[in-house]
Amino acid sequence: MKIHEYQAKALMEARGIPVPHGVMATTVDEAVAAVRQLSESSGSPVVVVKSQIHAGGRGKGRFKEYPELGGVNVVLDGIEGGVEAAEARVRELATWMLGSTLVTIQTGDEGRVVTRLYIEQGIEIATELYLSVLLDRSTSRNIVMASTEGGTEIEVVAHETPEKIIKIEIDPAFGLTDFQARGIAYKLELEGDALKNGVKFLKDLTAFAIEMDTDLVEINPLVVTTDGQVIALDGKISFEANALYRHPEVAALRDEAEEDAAELAATEHGLSFIKLDGSIGCMVNGAGLAMATMDIIQFVGGEPANFLDVGGGADKDQIVAAFKIITEDPNVKGIFINIFGGIMRCDIIANGVVAAIEEVGLQVPLVVRLEGTNVELGKQIIDESGLNVVSATDMRDGAVKIVELAE
């Protein structure tokens, strides 16, 4: 589960991790009011107006309605014109940004509509660094990644200058040790107060990641100020969804408007669903079979439109919900239902498919392959339904048929 930058910073600040002061705004007037509030607390009229969406690359992103305008804007008007000038500029920016569509490298061409802004105090930056704590699922351990190349996408750094990426594995029995934290700080070329503050920041951030069951905590950039402070200028956090029951305060931060509608509907019905870029919709029971189904569709020349696992104990209502989710994707040109009935009985699947088609209709080819418990009854239900459904003898046969029909 992802959260917004302003939410991430609130969580970090509550645990003593330094972040700039900021105010979240959903209206133009709230954004303007934040300027004076931040100016009085920081002593500087410089603020930054940040779009809040669940996607990276906001600074380099552009609004569809205002191509010259980025998703993150520094307001320097107050340096010469005072708070009133800064307020006027923020009013202008907020009017443009709120309700407009921001397109970044991570949103795709459709972009995301901005409904929230984060007005943040300006910081006098001496150095920009990169820092993240991410879960390595191959080792079941967190890894600290850091680089002197802050403000740059870590993928670019990894491709062009991989030697500048520092990686340290954290032993869960000890956490990030003092010598590991100092080693990272030295490699980041920190000195004096920045060295001391950097070591503390590293230990606090890794402790936060472990405590909060995060998949990723990314600070890009992590900045060193002119007086040696180390501050998270940005904050991107995603949490392990299966651990949210331990963190109800985090679950309450969920912004469903930022999530894919189909994936949200699947979660509500207890289904595992991930949208992909292809044209063949898949309904399968079991994660392993779902992966194999996607593989064989691609092997015979097609592209899967989704990963959808109805699980071993799905009922008729869940099958109907799954079918609706697949058919609502305009990219789907054909559907392949591939079921191996163990715990899941084939007749339940068949009844669910028939009910779903009768309810939502069928506008694209459908191939069904059933095998396992009550398979003959399941095939009989589909054959006697009178629906335009193609049967498959095995998984490869089904994949070939649906790819050909979809074309």
Query - Pairs where the first residue, in the range 388-407, is farther than 18 Å from PHE340 by Cβ and touching a residue at least 40 places away in the same chain (Cβ under 8 Å) and the second is assigned to a loop (DSSP other than H, G, I, E, B) and small (Gly, Ala, Ser), C-beta under 7 Å, 6+ apart - result: VAL403/GLY301; VAL403/GLY302; ALA406/SER279; ALA406/GLY302
Report task. Report, by residue number, each residue of the range 334-382 that is of a type in the set (D, E, K, R) and crowded, with 21+ Cβ neighbours inside 10 Å. Result -> ARG369
Query raised in the report: What pairs come up if the first residue lies in the range 189-212 and is under 16 Å from THR148 (Cα atoms), the second is in a helix (DSSP H, G or I) and modelled with pLDDT of 95 or more, and their beta carbons are under 6 Å apart, counting only those six or more places apart or on different chains?
Result: LEU190/GLY198; LEU195/ALA185; GLY198/ALA185; VAL199/ALA181; VAL199/ARG182; VAL199/ALA185; LEU202/ALA181; LEU202/ILE184
**Report entry** Verdict on THR293 being polar (S, T, N, Q), touching a residue at least 60 places away in the same chain (Cβ under 8 Å) and either within 22 Å of LYS401 (Cβ to Cβ) or touching an Asp or Glu at 6+ places or on another chain (Cβ under 7 Å) (or both)
**Finding:** yes
Query - Filtered residues of the range 17-47 (kept if outside any loop (DSSP other than H, G, I, E, B), farther than 30 Å from GLU211 by Cα and either among the acidic types (Asp, Glu) or in contact with a Leu (Cβ under 9 Å, 6 or more places away or on another chain) (or both)) - result: VAL28, ASP29, GLU30, ALA31, ALA34, GLU40, VAL47
Requested in this report: Inspect the range 189-196 for any residue being surrounded by fewer than 22 Cβ atoms within 10 Å (Cβ to Cβ), under 23 Å from TYR6 (Cβ atoms), hydrophobic (A, V, I, L, M, F, W, C) and more than 20 Å from the chain's Cα centre (by Cα) and give the result as yes or no.
Outcome: no
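Checking the structure you have, find out if any residue of the range 154-171 is touching a residue at least 40 places away in the same chain (Cβ under 8 Å) and under 21 Å from the mean Cα position of the chain (by Cα).
yes
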**Report entry** Residue that is farthest from TYR186 (Cα to Cα), among those in the range 222-246 that are under 19 Å from the mean Cα position of the chain (by Cα) and crowded, with 18+ Cβ neighbours inside 10 Å
**Finding:** PHE239
Report summary line: If we keep only residues of the range 19-57 that are of a type outside the set (Gly, Ala, Ser) and surrounded by fewer than 18 Cβ atoms within 10 Å (Cβ to Cβ), then the residue nearest to THR115 (Cα to Cα) is THR26
Query raised in the report: Hey, ALA194 hits all of (1) modelled with pLDDT of 95 or more; (2) part of a strand (DSSP E or B) but one; which does it fall short on?
Result: (2)
Report summary line: If we ask which residues in the range 72-89 are hydrophobic (A, V, I, L, M, F, W, C), in a helix (DSSP H, G or I) and either under 28 Å from the mean Cα position of the chain (by Cα) or surrounded by fewer than 15 Cβ atoms within 10 Å (Cβ to Cβ) (or both), their number turns out to be 1
Query - Scope the range 197-231; condition β-branched (Val, Ile, Thr), touching a helix residue (DSSP H, G or I) at 6+ places or on another chain (Cβ under 9 Å) and either over 14 Å from LEU129 (Cβ atoms) or assigned to a loop (DSSP other than H, G, I, E, B) (or both); matching residues - result: THR206, THR214, VAL217
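The values are calculated or read from the model by the stated rules, or taken from the named source; none is laboratory data. Values in this document were obtained by computation on a predicted structure and should not be read as measured data. Positions of Cβ are backbone-derived with ideal geometry, glycine not excepted, and every protein chain shown enters the neighbour counts.
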